[in-house]
Amino acid sequence: MSKGLVIVESPAKAKTIQKYLGKGFTVEASLGHVKDLPKSTLGVDIKNDFDTDYIVIPGKEKVVAKLKKLALSADSIYLAPDPDREGEAIAAHLAGELDGDGAKEKKSKKAKKGEPEVPPRIQRVTFNEITKRAVQAAFERPRHIDQNLVDAQQARRVLDRLVGYQVSPLLWDKVRRGLSAGRVQTVALRLIVEREREIKAFEKKEYWTIDAHLAAAKPPAFDARFLGKGEEKIEIPNGEEAETIRTALEKADWIVRSVDKKERRRNAAPPFTTSKLQQDASRKLRFSVKRTMMIAQRLYEGVELGEEGMIGLITYMRTDSTRVAPEAIQEVREYVGKEYGANYLPETPNTYKEKKEAQAAHEAIRPTSAMRHPDQIKQYLKEDEYKVYKLIWQRFVASQITPALFDQTTVDIDAKNGNDVFWFRVTGSVLKFDGFLKVYEESKEAKDEEDEELKHKLPPLEAGQKLTLRELKPEQHFTEPPPRYNEASLVKELEERGIGRPSTYATILSTIQERQYVQKLGGKFVPTEIGLVVTDLLVENFRDIFDVQYTARLEEELDEIEEGKEKWTDALGDFYKKFQKDLKYAEKHMENIKRMEKPTDEKCERCGAPLVIKWGKHGSFYACSTYDKEDPNTCTFTKENPINLPDLDSADVQETAQEEYCENCGRVMVLKRGRFGQFMACTGYPDCKTTRRLDQGKKVPDIPLDELCPKCGRNLMIRHGRFGEFTACSGYPDCKCVKQNFIGVKCPECKDGELVEKRARKGNTFYGCSNYPKCKFTSANKPIAEKCPKCGSEYLVEKNLKAGPVIACPNKECDYERAAPQPEAAASSAS
């Protein structure tokens, strides 16, 4: 008979724990949650104090049956899912299933008076790391299931169910079927939409800077920036003002006003919390949030390390705490002192301030042993696992190293011209002691002042010293709108606003992309047209529920439920009062609204009535406003809407041209062409086989042009087909004019047509005559309007050989060939 049955979520975790517990225990996996609310009904009795109807998840019946069978023959049952709300809920549901039926025969007897209390048969064990020491210690101190944690998880689940099941049908009715509303995902989408509108509404403001390139008695020369006049800082608003100041500066005397030297300390960052790991992995490794969490899960549950077997390499990865266990601090301090020396070891351990809502029972994300250097185990890890483990190890070790020291020098300079004194300043920093930077440097969203200061190398300077002006560099700038969110900055924003918790960030980001509410351009989130429509509809009609501050307050209430400060049913009661009010308002306000549509100036080509924009499965489309599904005699005219995304400006186009990185391994993605058109593929192939369709299932927007169609006079537009871009009339299908991509060379065969660039069905480029099919001239290589000097051929062609591009004769019997000019040389000769 088994001494004890241990139940965890995953087989990998089960395998690691089995090794530490030995033969007396049987370790099995529940494969995640075993019970949930039913999909076909609400599953919540609102009138009966939010009583829930949990059922065994379809497909999990065999798992539950197996666990029940094993439970019958076990003396004790230990529930060991993850140490958070979700894990506690899994444990509670398992206990509910295993405590019934035949399992009741094995229930613990009550201790007689004077005897020690017999522990309950079903107990809960938790650990922050899967190591022999931590697991065995946890089994020495089993506990009861924490009902407060279970209630907090149940409150979140019921909140999400109420919102999802009662709001989503309104979207189906007024926009299109298949859409969903989420309590937290809608607020995240709202942030992206509001940022997009802020960018579109932003008005650029011109300003100028003036840098003076100066030299002292000793090198190096340096640049100082204009700050103002006298002691007053001023901005330069335009070129005329900049030119006036520049003219005055050319005749000025340059003198050092003051030199301020000081030592600046830069402290190490604390060890990772979940959000900080997600942000750093996004910026440094180019991993998506979802990918980072999947890798961290594997490192936590255990990796096979040769003779050592399965070892959990990091602590639990869903945490908002920076706390570190005393034994881990002692170990890392020993490592730092031994590997880097006494100068790098602080006198006392570095401590970090906890956030107010941080879960005290959890630790920061750290390696289970600081002595396990990433390079020692690299041979056992996959490439992505090694990268994430190395990041976690470096951050943790650096967190217990002394600060980096910089010598910072700030020099103020006067440029005197008569009574006018112009104020310039330069600040330079020199790294004096690297400290924690020897191991790790925190990533940044953008370059900051410190990066600029480190670039400035200054000569010896003192007050009153004369300087020589070598050059003045006025430069025009424009203020820039706030940047779009990427995965790292959105997680940061969600965390700072108190929206979501460590366990939910990855799900939020995945959901809004899977629902096609947002797409990524150059790695940054842009709302789709359907995302804009859904946001406007929900925010307008549910002003409380999808309010950012209210959502953050709900997260705080869930924390209070977890701490036992509030009953979960009371919190839900308060929420439902607001929700019911919003729901009634929305139903009344939307009752008279037709299915969501947007009026346009376009006219129906069949009956002349105005067209409206409606939304379907594949985006928006034009439809006749007279259509009524109840009346079969109404006009059913529809046509494609060429723009299914927000308007793209030059900045958007520039963003799409930025490098894209593989979400799985972080390598650069490249554009490739397959049988179904263009797609992005990882350069790590065949090791990494990640690909991404360019349209991601959505229509790529057509771009209207000012150029008119030569046949019908309508505007031309850049369209996108299976084989790339082409320019065609916006009046299609009435006008089927397609603009030819002429290369400026007369057809050498018919002498009448011009050669155009074309694409074959397989996507290959070739060149043919514009008079096709009358003239069937084609060339695989690009023709050049130049006669062959050797055989007299009417044209030459550009060929790309392994040795480099050449200009050659197309005549097979002629061997004329010369090297093609390089792009720079061609440009200079053309000028």
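The values are calculated or read from the model by the stated rules, or taken from the named source; none is laboratory data. All values derive from a computational prediction rather than experimental measurement. Cβ coordinates were reconstructed from backbone atoms using ideal geometry, including for glycine residues, and neighbour counts include every protein chain displayed. Only protein heavy atoms, including side chains, enter the accessible area calculation; ligands, DNA and RNA are left aside. Shrake-Rupley method; radii C 1.70, N 1.55, O 1.52, S 1.80 Å.
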Restricting attention to the range 807-830, and to residues there that are surrounded by 13 or more Cβ atoms within 10 Å (Cβ to Cβ) and at pLDDT below 85, which single residue is farthest from residue 747 (Cα to Cα)? 821
Any hit, the range 304-318, residues being at negative phi and in a helix (DSSP H, G or I): yes
Selected residue (only one of 369, 321, 288 is in contact with a Leu (Cβ under 9 Å, 6 or more places away or on another chain) and modelled with pLDDT under 95): 288
Of the residues 334, 308, which single one is modelled with pLDDT of 95 or more, over 34 Å from the mean Cα position of the chain (by Cα) and of a type in the set (Asp, Glu)? 334
Under 7 Å between Cβ atoms, which residue pairs at least 6 apart in sequence (or on different chains) link something in the range 27-55 that is closer than 15 Å to residue 157 by Cβ with a partner that is open to solvent by 50 Å² or more (accessible area, probe 1.4 Å) and hydroxyl-bearing (Ser, Thr, Tyr)? 42/165
Return the only residue of 296, 269, 217 being aliphatic (A, V, I, L, M) and assigned to a helix (DSSP H, G or I). 296
Condition first: among the small types (Gly, Ala, Ser) and at pLDDT 75 or above. Can you find one or more residues in the range 760-773 that meet it? yes
Residue list for the range 734-750, filter: assigned to a strand (DSSP E or B) and closer than 17 Å to residue 714 by Cβ: 738
Would you mention how many residues in the range 283-305 are within 12 Å of the chain's Cα centre (by Cα) and open to solvent by less than 20 Å² (accessible area, probe 1.4 Å)? 4
For residues that are open to solvent by 20 Å² or more (accessible area, probe 1.4 Å) and out of contact with any strand residue (DSSP E or B) (no Cβ under 7 Å at 6 or more places or on another chain), scanning just the range 251-281, find the one that is farthest from residue 491 (Cα to Cα). 267
Please name all residue pairs, on different chains or six or more residues apart, with Cβ atoms under 9 Å, provided the first residue is in the range 732-753 and is touching a residue at least 40 places away in the same chain (Cβ under 8 Å) and the second residue is open to solvent by 30 Å² or more (accessible area, probe 1.4 Å) and aromatic (Phe, Trp, Tyr). 745/795; 748/795
Residue by residue through the range 320-335, note down the ones that are buried (at least 18 other Cβ atoms within 10 Å of the Cβ) and outside any helix (DSSP H, G or I). 320, 321, 322, 323, 324
Filter the range 165-184 for residues that are among the β-branched types (Val, Ile, Thr) and in a loop (DSSP other than H, G, I, E, B); which is nearest to the chain's Cα centre (by Cα)? 184
